[in-house]
Structure formats: C-alpha cells, structure tokens
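Structure, as structure tokens:
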Amino acid sequence: MHPLQHPRNAALLGIIFVMIGVIYWAVPYFGHWHLDYAGVTMLAVLGIAMALIAYVLVAGSSND
C-alpha cells in the first residue's frame, strides 16, 4: 500500500513550517518588537524543502 493515497498531500508537511514562519513573522511585527527576518526566511525555505523531499520520497516508493 502506498504511504499516502495522494502524493500531493505531501505539501501539508511544508505548509506546517510555512505557517509557523508566518506566525514567527506576525507576532513581532504586530507587537512592534524586533523582527528576525533570517528566521522567517529559513522557516519558509524549510517548509518548501520538506514538502519537496516528502513528495520525492513518496513518489519514489513502491506501491506494495
């Protein structure tokens, strides 16, 4: 059996990290505190990378 019924659902892994990055940006921005742009960027890129690698792993796995 395939690990995911639809490999497009692998994007959900990446969306989690992107949403954490949005929260990480929004809280200091609207609270008028110091904003760490490097952290926001790295969380967003991590989300993209996680979604991509999850898709590659699922798409390359056997259908057994």
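Based on this model, can you work out whether G47 counts as in contact with a Phe, Trp or Tyr (Cβ under 6 Å, 6 or more places away or on another chain), at pLDDT 80 or above and not aliphatic (A, V, I, L, M)? In short, yes.
Count, please, the residues in the stretch 26-59 that happen to be without any contact (Cβ under 8 Å) to a residue 40 or more places away in the chain and either among the basic types (K, R) or open to solvent by less than 100 Å² (accessible area, probe 1.4 Å) (or both). Total meeting the criteria: 19.
The values are calculated or read from the model by the stated rules, or taken from the named source; none is laboratory data. Predicted model, so just to flag it, every value in this text is computed and none were measured. Cβ coordinates were reconstructed from backbone atoms using ideal geometry, including for glycine residues, and neighbour counts include every protein chain displayed. We work out accessible area using only protein heavy atoms, side chains counted, and drop any ligands, DNA or RNA first. Shrake-Rupley method; radii C 1.70, N 1.55, O 1.52, S 1.80 Å.
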